[in-house]
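Written out below as structure tokens is the structure these notes cover.
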Amino acid sequence: MATRIRPQSNKRCAVIGGSGFLGRHLVEKLLDRGYSVSVFDIRQSSELPGVSFHQGDLCDQQALLPALKDVSLVFHCASPAPASDDRALFERVNIQGTQTVLRACMEAGVQKLVLTSSASVVFEGTDIKNGREDLPYAKKPIDYYTQTKIVQEKLVLEACDKQKGFLTVAIRPHGIFGPGDPQLVPILVDTARRGKMKVIIGDGSNLVDFTFVENVVHGHILAAERLRPDSPICGKPYHITNDEPVRFWDFMSEVLVGLGYAAPRYHLPYALVYGLALLLWLLSLILRPLISFKPTFTPMRVALAGTHHYYSCERAKEDLGYKPVVSLKEGIERTVKSYPHLRHGA
Ligand SMILES: NC(=O)C1=CN([C@@H]2O[C@H](COP(=O)(O)OP(=O)(O)OC[C@H]3O[C@@H](n4cnc5c(N)ncnc54)[C@H](OP(=O)(O)O)[C@@H]3O)[C@@H](O)[C@H]2O)C=CC1
Ligand SMILES: CC(C)CCC[C@@H](C)[C@H]1CC[C@H]2C3=C(CC[C@]12C)[C@@]1(C)CCC(=O)C[C@@H]1CC3
């Protein structure tokens, strides 16, 4: 078992969203690196030695304050799941809630805030190849979740104020995967178990970033440790990827085959699947008062599955000294091993 380093007083931090997939991995790595961590989350998490847990809604400033007491660094990686498809909730948590987090940080005297944003803030459903951080924010984001992530990122970066001693930075990961991920692998396996994972959308050559969770954590910690008044990273966004763009359908096939399912084989044209997904989505909206059904192939998923969207992490390499710590191959192997209950026939 790894021994934890004893925390120094300047290594006190809080993780908002620390019970979630990314948050939990971040908390474990912070503990390994000698930080003392306070977790704030709406969801109860299993206990970790050395962590003080505060349960509450981040929209409630009074509930947040005890978690931020004597803390100089805050990571904000809480968000409702994109699949919840709840516009009012996205707006309340990602926009108003982030304003509340900013106010709470000011009141508690927090000096640094690292936001988990998303590379999708620049994605409009059309190809992005090696996209850099200077791409404009999407005018037509792929869904409402992403719309609120754009506003959230702007709020946090604009709040960076060296005079006030409050520094901010945003990390933009893409397609996070790894042990404990509640969406990518579980949704993929569920789709395969229902016999719907037979088709490749388009010709299957589109390249996408999938990022192993420990690389995303590494990017967050580097950003936090480099965030100083004299550093060029203040108020900027950073792409964090595996730096190994992969064919979307090769990645999906590798995970599926690793778990004992067949890889998709038949091809359908992108425009046809996108059109059908749009139609189904409209139908689900119209019929919502009568019956509730959630289509598997939403327009957003089809866009993500059928286009190129991979991002350059050169800026993170230059300014943060970032380099992925786990390769895609090892990440996939470790992920597949961590889901024995999702194996075919389990
Ligand atoms: N997963 C991915 O591929 C990507 C994720 N991101 C971003 O990374 C971050 C982490 O995502 P991920 O770990 O996958 O998500 P998770 O859903 O696993 O974790 C988010 C955590 O935040 C909690 N939370 C939600 N609403 C509130 C609230 N009002 N107050 C306090 N806590 C709340 C969630 O609780 P509950 O589960 O009960 O809602 C959950 O524990 C998010 O900001 C997301 O937008 C960015 C790019 C890609
Ligand atoms: C049914 C299949 C066509 C697709 C199954 C896999 C998808 C569930 C995932 C593939 C890309 C993923 C992704 C996200 C969620 C899960 C996928 C759609 C995000 C939307 C999560 C939140 C973000 O900020 C951006 C992510 C982009 C990639």
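For the reader, a short list of remarks on this structure follows.
- On a per residue basis, the convex hull of the C-alpha atoms belonging to the range 1-156 measures out at 132 Å³.
- Against the empirical curve 2.2 N^0.38 Å, the C-alpha radius of gyration of the range 85-125 lands at a ratio of 1.44.
- Probe 1.4 Å, accessible area per residue of the range 71-230, Å²: 40
- D by Stokes-Einstein for the chain, Kirkwood Rh over Cα pairs, 25 °C, 0.890 mPa s: 118 µm²/s.
- Whole-Å semi-axes of the ellipsoid equivalent to the range 101-246 (Cα gyration tensor, √5λ, descending): 32, 16, 15
- Taking all C-alpha pairs of the range 272-346, those more than 13 Å from each other amount to 78 percent.
- Modelled spin-label separation between ARG132 and LYS236, with each label point placed 7 Å from Cα along the Cα-to-Cβ direction: 1.1 nm.
- Of every Cα-Cα pair in the range 220-346, the percent that sits beyond 20 Å: 65
- Longest to shortest principal axis, alpha-carbon extents of the range 178-242, angstrom: 54, 28, 16
The values are calculated or read from the model by the stated rules, or taken from the named source; none is laboratory data. The structure displayed is predicted, hence computed values, not measured ones. Glycine gets a Cβ as well: all are built from the backbone with ideal geometry, and neighbour counts include every protein chain shown. Note: areas computed on protein heavy atoms with side chains; ligands, DNA, RNA excluded. Shrake-Rupley method; radii C 1.70, N 1.55, O 1.52, S 1.80 Å.
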